[in-house]
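Rule-based calculations on the coordinates, nothing more; no lab input. These figures come from a predicted structure and were not determined experimentally.
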Amino acid sequence: MYFISGVDIVVRDLTRHTHHSAWHTMHNVICGGARAQDRNLEALAAAGVPVRVVHGDADQVVPVECSSRHLKSKLPHAELRVVGGRDHRTVVFGREEELAQELRAF
């Protein structure tokens, strides 16, 4: 059997996890990844680049407390828009026109 470099290690590692531990590992990677971007976010803030963060309040892939609130702490002038009843996918899908209008207005 042939594997793409590193993929076999990742697959083997993932299969050793329970659903619970895999979820927490992914969650930590996502949250940790957001924190790794702090210098970039601070540069955007210093440059005064306008930013709007649109996030679903029911997002379980990237929870609001990990992503949007962290971004907002690094970009204090960013607009944080938490959309009620929407998750990671439905914050966009099913409300494309509304989101497009919102972004155009921004």
**Fill in**
Amide H proximity to residue 83 below 5 Å, modelled H, separation 5+ or other chain, gives 55, 56, 57
**Request:** Starting from the amide H of residue 52, placed 1.01 Å from N in the peptide plane, find each other amide H under 5 Å away whose residue is 5 or more places distant or on another chain.
**Result:** 79
**Request:** Step through the residues of region 49-65 one at a time and calculate ³J(HN,Hα) from phi using the Karplus curve (6.51 cos²θ - 1.76 cosθ + 1.60, θ = phi - 60°), rounding each to whole Hz and writing x for Gly and Pro.
**Result:** 5, x, 9, 10, 9, 10, 9, x, 6, 9, 5, 9, 7, 10, x, 3, 5
**Asked** Got a sec to turn the phi values of region 72-86 into Karplus ³J(HN,Hα) couplings, 6.51 cos²θ - 1.76 cosθ + 1.60 with θ = phi - 60°, whole Hz, x for Gly and Pro?
**Response** 4, 5, 8, 10, x, 8, 5, 8, 9, 10, 9, 9, x, x, 10
